[in-house]
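Chemist: Sending over a structure as structure tokens; questions will come in a sec.
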Amino acid sequence: MNATVEVVACIALTMAGCTSVPTMKERTANLHVSHVHRGGGKLERPDNTLETFKWCWENGSAPECDCRKTKDGVGVMLHDDKLKRTARGIPPEMARKSVSRELTWNEIKDVDVGSYLGSQFAHHRIPTIEETFAAMKGHPDYLCFVDEKGAGPEYIAKKAVAAGVQDQVYYTGPSHENIIKWQKILPGGKAMIWLGAWPKNHGATERARADKWFRDAMAKLRAKDFRGIDVCSIHTYYDPKDSADPFVPSTPLLREMIGEFHAHGIRVASIPFQGGETEEVYFKLFDLGMDGFSTDYPSVMFKVIKELKRRD
């Protein structure tokens, strides 16, 4: 373990009332909370398809998927409410319709949602929540971070329990209220909250604005004692050319938040929306004390995770 990691680990553990420093092996044991944004990332694999999810699991990571319902109430893994970005071979008028309000499962189940990234993915289709959870059954290391897009915590919990994978499913989203609701519906159920300030650039002004946003968000979570949260994913932006601070939110604030989350037994991941294509940013985030990552560049993250585990 390098000196930076030791210092950050000491701070986090001191806040938690501990004095020992975790070993590298203990730290890398938390890397299983790492996950791929929308399953396939920005361009590497199609969004939210079963083949993409299996690819994540086979690479020792987890997919973040998005769950909404069709017009006739079928739970599907789909990020956008409209098909125009990912679907191919459908009429333009269909591509403009709302899946949640205007399209049935029967209308979308055979739609090609893979070839927008290449003909080799033309067989990819939109999976149902049942199909996704069925693929996890019997594989306790297959985790799934379900970012709720309107399906509702009750529905997701019911489907997870029916499939027997409730211990592998993390209810995910920006709403702490929904996470608390999830806990009431599924006592002991796991949950991840994501926090993002969406800065417009990497300058000092936007860093200050982002820091304020995160401090306000932390105050709201603190007021409810961080109830029901197992993991937090922080949106970060990394630019090594910024001599003032390569990170937005700021490096000191990231350390502060990591320490406070750790003091409550909450693991912390980060998705670098800027700089995520470089291995460097993930090592920097790990040095700051992050337990895992999220990414739009899966192969880069997979490589970093393998290297960190090799070092333990």
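The values are calculated or read from the model by the stated rules, or taken from the named source; none is laboratory data. Note that this is a predicted model, so its numbers are computed, not measured. So basically every Cβ, Gly included, is an ideal-geometry build from the backbone, and we count neighbours across all protein chains shown. Heavy atoms of the whole protein, side chains included, go into the accessibility calculation; ligands, DNA and RNA do not. Shrake-Rupley method; radii C 1.70, N 1.55, O 1.52, S 1.80 Å.
Chemist: Which sequence of Ser299, Ser233 reflects their accessible areas, 1.4 Å probe, from the largest down?
Modeler: Ser299, Ser233
Chemist: Taking the DSSP beta bridges in the range 187-312 as the whole, what percent of them are antiparallel, to the nearest 5?
Modeler: Among the beta bridges of the range 187-312, antiparallel pairing accounts for roughly 15 percent.
Chemist: Here is a follow-up. For His262, His202, what's the largest-to-smallest order of accessible area, 1.4 Å probe? If you can, show how the numbers build up before the last one.
Modeler: Details: His262 50, His202 25 Å².
Of His262, His202, the descending order of accessible area is His262, His202.
Chemist: Right, next: When only Cα pairs under 8 Å and 6 or more residues apart are kept, what is the percent relative contact order across the range 85-149?
Modeler: After rounding, I find 26 percent.
Chemist: Please state the charge dipole magnitude for the range 191-246, taken about the Cα centre, from unit charges on C-beta atoms (+1 on K and R, -1 on D and E), reported in debye and rounded to the nearest 20.
Modeler: About 240 debye.
Chemist: Can you tell me the dipole magnitude for the range 191-312 around its Cα centre, using point charges on the Cβ only (Lys, Arg +1; Asp, Glu -1), in Debye to the nearest 20?
Modeler: 260
Chemist: Placing +1 on the Cβ of each Lys and Arg and -1 on the Cβ of each Asp and Glu in the range 121-263, which of Pro153, Ile126, Tyr142 has its Cα farthest towards the positive end of the resulting dipole?
Modeler: The listed residue farthest towards the positive side: Pro153.
Chemist: Please work out how much length the chain gains when fully extended from Asp312 to Glu130, using 0.36 nm per residue of separation minus the C-alpha to C-alpha distance, in nm with one decimal. Walk me through the numbers before you get to the answer.
Modeler: Working: separation 182, 0.36 × 182 = 65.52 nm, distance 3.67 nm.
Going from the current span to full extension adds 61.9 nm.
Chemist: Could you tell me how many degrees, from 0 to 90 and to the nearest 10, lie between the Cα long axis of helix 251-263 and the main elongation axis, the longest principal axis, of the Cα atoms of the chain?
Modeler: 80
Chemist: Carbon and sulfur together cover what percent of the accessible area of the range 187-265 at a 1.4 Å probe radius?
Modeler: 55
Chemist: Heavy atoms only, probe 1.4 angstrom, no DNA, RNA or ligands counted: give me Glu206, Glu130, Glu93 ranked by accessible area, highest first.
Modeler: Largest accessible area first, the list is Glu93, Glu130, Glu206.
Chemist: Under a 10 Å cutoff between Cα atoms, tell me which one of Ile156, Ile234, Ile90 has the largest fluctuation in the Gaussian network model of the chain.
Modeler: Evaluated over the chain, the most mobile residue of the options is Ile90.
Chemist: With a 1.4 Å probe and every protein chain left in place, work out the accessible area per residue of the chain in Å², rounded to a whole number. Don't jump to the answer; show the numbers that get you there.
Modeler: On the way: 13580 Å² over 312 residues.
Per residue, the chain has an accessible area of 44 Å².
Chemist: Another one. For n ≥ 4 DSSP H runs only, could you compute -39500 (n - 2.57) per run for the chain, divide by its residues and tell me the 222 nm figure to the nearest 500?
Modeler: Calculated at 222 nm, the ellipticity per residue is -11500 deg cm²/dmol.
Chemist: Specify the longest stretch of the chain that does not include any exposed loop site, a site being one of the trypsin sites (Lys or Arg not before Pro) with a non-H, G, I, E, B DSSP assignment and at most 13 other Cβ atoms within 10 Å.
Modeler: Here the longest segment lacking exposed loop sites spans 1-83.
Chemist: Let me ask something additional. Which of rounded, prolate, oblate describes the range 190-264, given a ≥ b ≥ c as roots of the alpha-carbon gyration tensor eigenvalues and a/c under 1.5 marking rounded, otherwise prolate only if a/b is larger than b/c?
Modeler: In terms of gyration-tensor shape, prolate.
Chemist: For every other residue with a beta carbon closer than 9 angstrom to the beta carbon of Val113, add +1 if it is Lys or Arg and -1 if Asp or Glu, then tell me the sum.
Modeler: Counting the neighbours of Val113, the net charge comes to 0.
Chemist: Quick check on the range 242-312: take the gyration tensor over C-alpha atoms, sort the square-rooted eigenvalues as a ≥ b ≥ c, and tell me if it's rounded (a/c under 1.5), prolate or oblate.
Modeler: Verdict is oblate for the range 242-312.
Chemist: In whole Å, how far is the Cα centre of the range 79-138 from that of the range 162-230?
Modeler: 27
Chemist: Using a Cα distance threshold of under 22 Å, what count of lysine pairs results for the range 123-279 when pairs must be 8 or more residues apart or interchain?
Modeler: 25
Chemist: What is the chain by shape, rounded, prolate or oblate, if you read a ≥ b ≥ c off the alpha carbon gyration tensor as root eigenvalues and call it rounded for a/c under 1.5, prolate for a/b larger than b/c, and oblate otherwise?
Modeler: Taking the square roots of the gyration eigenvalues as a ≥ b ≥ c, the chain is prolate.
Chemist: Moving on to the next point. Averaging sequence separations of C-alpha pairs under 8 Å and six or more residues apart, then dividing by the length of the chain, give the relative contact order as a whole percent.
Modeler: Details: 603 pairs, mean separation 61.6, N = 312.
Normalised by residue count, the contact order of the chain is 20 percent.
Chemist: Let me ask something additional. Multiplying the sequence separation of Lys137 and Glu102 by 0.36 nm and subtracting their Cα-Cα distance, what value in nm do you get?
Modeler: 9.4 nm
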